[in-house]
Structures are given as structure tokens and as C-alpha cells.
Amino acid sequence: MVVQTGRHFLQIPGPSNVPDRVLRAMDMPTIDHRGPEFAAMAFQLMEDCKTVFRTRNPVLIFPSSGTGAWEAAIVNTLSPGDKVLMPETGQFSVLWRQLAARFKIEVETIAGDWRRGAKADEIEAHLLADKQHAIKGVMVVHNETSTGVTSRVAEIRKAMDRAKHPALLFVDTVSSTGSIAYEHDAWGVDVTVSGSQKGLMMPPGLSFNAISDKALEATKTSQMPRSYWDWNEAINANKSGSWPYTPATNLLYALKEAIAMLHEEGLENVFARHIRHGAATRAAVRAWGLETVCVDPLEYSPVTTAVMVPEGYDADDFRKITLENFNMSLGTGLGRLKGRAFRIGHLGYFNDLMLMGTLAGVEMGLDLSKIPHKSGGVLAAMDVLKAKEEVPLQRSAVA
Ligand SMILES: *Cc1c(COP(=O)(O)O)cnc(C)c1O
């Protein structure tokens, strides 16, 4: 067995690297979750979460992975037989659709080639055609982690308003919360679904629903059976600083610390850092002569870059070689991109030299696996990191 020294490079787009500060924050006694000390922390944490999701309404915290919060969003607001509209942007939109179907939700899919984001004009056209308002929800993945494409949520909201359609807007921000600019209230999102282990720099295990007044109102008419995920039960318990069941106490300590770190750096700086690392990564990909999965520069993801490998080569063989030789994990191609693409995660607790190590590992891995490419990707990324000029903010990050 080969003994690895130094830190493993965990460059998958989530779970992302967990800062030592967050790990240390968890390394504390588990306390009485019905006692006064816990309640004081819980009240503060509920306020802290609002600053990250950018909402004045409650943010519900569940002890689950992001998938649980997908389910919570559906069972609290919809009824069996309801119709929703869902642009297919990649594997995560497909998984959410499959989950919805199990609850007897009828999903109208807008087909996509997995290289672009959700298109506001197409959503508008579907909603305009729905004269009877049969569509109860529009479900969009903000940052499609499987493709490295970020959809422009503010534009989608505007399109829904233009169509004067009452559907709820559901947005999955599992891989963008705490790393890509996002405005739950200002963008008129009804349900935001998120998780702890990506941009939020935490271990896996917590998920979130940020909700609008309209979404809360929908719980009154929703006919879906629900128990564990019931928002109203959680909101009632939260009023006394508790949960209807045992919360994930030590993960809540981690959340408190992670949010403190985000505010110490400043959310705007956090977002700019991710945009800059995305730009440097794409400079490397271009210099290698390879192609990103994302084809629209307005939709490049600041947190993950998916790279196509040339025809006849297997991206997973390359990943295996990179792991064995350089102790670095890269993201696999998901769904229809299996074997055809790999993903570089550049999110969460990350800096310039971690990115340089990552890209050097990728370039050496490309060499060793004999994937046709040009050298000089690392140098191209260095030029971006050395340049003092601001990397232009993507529209998605400022809209
Ligand atoms: C990771 C991810 C999920 C699934 O979250 P789990 O925590 O694995 O359940 C959903 N949506 C997106 C966009 C993701 O990146």
C-alpha cells in the first residue's frame, strides 16, 4: 500500500474541503437540544441563515442531504396530480424530476442539451401557453453541478412575471449557496432548496428550504402526505428555538462557524473569489485545447468546470490515474456525460495555490493518460491569477 503524505486534494464539486475552523467548531460536547443554551444558539443561527439566503422569511434547516430538501419543497406545496415545468439542464434536474414523479407530480420538461442553462424565454412561452394555469411550479437548478452551467434566476423570475403566471418558483441552490450571488427575496423565489456540503464549506448532512409567504400559503391547500418534512411543524418548534425532532446539533455548530467565515470574508468577496477561480480554470482548459461543457460565457459556473475529453478517451480512466498518482479526486461525468467529461470543483474553502495544485494535477494527469492536449494550461491560469484587473462579473452573479 502506498502511504500518501500531505493533504488529499478533494476537488470534486462537493462535498468540498471543510475548513479546520469548521471541523474544530464541531468538536464540542453535544448539548441538550431542549435546553436554554441550545435555544440561544438556534435563534441566532436562524437569523444567520437569512443573511446567506438573503431573505426576511424563515429558513428551515433539515438533518438530511440536499435530496431531502428537494422532497420537502414538493410535499409542502403541491398535490398529487399537479403539474410543474422543469427545464432539463443536467443530471440534477433529471434527479429532481424523477423525485417529483414519485409523488405523482406531472412534469412538463423543457428539453436541453446539457450545455446551457434554463432559458427564460422558453419558460415564458410554456407559461403563456398554459392559459388555465395548470402549471403550479417552475423548478430550476441554479448551478447545475453536473455541467458547470449557472442559470440566470432573476431573468426567469422576470419572464414568469411577464407571463403573469401564478406558478411558484422553486430553485435548487445546493451547489451555489455561499459561493454564487443569490437573492431569495429580491429575485422573487418561492422555495430555495439547498445543502451544506458544497459552497457552504460544511460536511454533508444539513439541508435547507428558504420559503416565501406565497409558498407558506400553499401549504394550506397542498394535499401531499407529509410528516418529517412538514414546514409548519418546524416553524412552530423553531419559535421556541427547537425542532420537532432531534436536530443535528454538532452540524449546527459547523453551520454557525461557516456562516461566520463567509461574513468575515464578506459575501461579495466570496462571490468574486469564485468568479476569478472559474476564469483561471477556464483559461487552463482553453490553453490545453480542451472544451468546457458549458458553451455560453454568460452561464459559466464560478464553482465548477466540467471538461469534455476528446472522442475515444475515457474521462474516468484519466480520473483514476490522477487519483493514483497525485492523490487528487476530480468529479466524475454524471448521467449522459459519464466517461465523456470530468469536473473540477473550485468552490468553498479554496485559494489561489490550491487551484494551482489542482490544475497542475490535471495537466500531469492528462499527460500520463495520453489524452491529446497542449501544455501550458497551468501557465495560462497563473496569468489570470497574477493579473490585477477585475475579472468581469458574470451577469448571473450580479443580475
Ligand atoms: C449535490 C446536489 C444535489 C443533491 O444533494 P445531496 O446532498 O447529494 O442529496 C442536488 N442538486 C444539486 C445542484 C447538487 O449539486
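Annotations
- Taking 0.36 nm per residue of separation and subtracting the Cα-Cα distance, full extension of the segment from ASP383 to MET356 would add 8.6 nm.
- Residue-averaged 222 nm ellipticity for the chain, from DSSP H runs of 4+ at -39500 (n - 2.57), nearest 500: -13000 deg cm²/dmol
- C-alpha long axis of helix 352-368 to longest principal axis of the chain, angle in °: 60
- Percent carbon-and-sulfur accessible area, the chain, ignoring ligands, DNA and RNA, probe 1.4 Å: 55
- Most fluctuating residue given options THR249, THR150, THR292, as computed from a GNM of the chain linking Cα atoms under 10 Å: THR249
- Taking N as its residue count, the alpha carbon Rg of segment 173-212 over 2.2 N^0.38 Å: 1.12
- Here the Gaussian network model covers the chain, with springs between Cα atoms less than 10 Å apart; of ALA159, ALA272, ALA40, ALA40 fluctuates the most.
- Here r is the Cβ-Cβ distance between ALA134 and PHE43 and R0 is 35 Å; the resulting FRET efficiency, rounded to 0.05, is 0.30.
- Per residue value of the accessible surface for the chain (all protein chains in place, 1.4 Å probe), Å²: 41
- Sum of side-chain charges, LEU45 neighbourhood, beta-carbon under 15 Å (Lys, Arg +1; Asp, Glu -1): -1
- Calculated FRET value between ARG102 and ARG336, using beta carbons and R₀ = 22 Å, to 0.05: 0.55
- Loop-exposed trypsin sites (Lys or Arg not before Pro) per DSSP, neighbour cap 13 Cβ within 10 angstrom, longest uninterrupted part of the chain: 240-337
- Residue among ALA248, ALA380, ALA111 with the largest mean-square fluctuation in a Gaussian network model of the chain, springs linking Cα atoms under 10 Å: ALA111
- Evaluating kT/(6 pi eta Rh) at 25 °C and 0.890 mPa s, with the Kirkwood radius of segment 20-263 over Cα pairs in the Stokes-Einstein relation, gives 135 µm² s⁻¹.
- Anisotropy class of segment 63-117 from Cα gyration tensor, a/c 1.5 cut: oblate
- Segment 16-58 and segment 259-313: distance between their alpha carbon centers, rounded to Å: 29
- Potential lengthening of the chain between VAL3 and GLU265 amounts to 90.8 nm, from the contour at 0.36 nm per residue minus the alpha-carbon distance.
- Charge context of LYS83, other residues only, Cβ under 10 angstrom, K/R +1, D/E -1: -3
- Shape analysis of segment 204-251 places it in the prolate category; the axes a ≥ b ≥ c from the Cα gyration tensor give an a/c of at least 1.5, with a/b above b/c.
- Dipole-positive endmost among ALA40, VAL174, VAL141 within segment 20-263 (Cβ charges, Cα centre): VAL141
- With Cα atoms, 0 to 90° folded angle of helix 120-129 axis to the chain main axis: 40
- Nearby lysines by direct alpha-carbon distance to LYS256 (threshold 27 angstrom, same-chain neighbours under 8 apart not counted): LYS50, LYS198, LYS239
- Remark: relative contact order (the chain) = 23 percent; criterion is Cα-Cα distance under 8 angstrom and separation of 6 or more residues.
The values are calculated or read from the model by the stated rules, or taken from the named source; none is laboratory data. Because the structure is a prediction, the values reported are computed rather than measured. Virtual Cβ from ideal backbone geometry, glycine too; neighbours counted across all protein chains shown. The accessibility values were calculated without ligands, DNA or RNA, using every heavy atom of the protein model including side chains. Shrake-Rupley method; radii C 1.70, N 1.55, O 1.52, S 1.80 Å.
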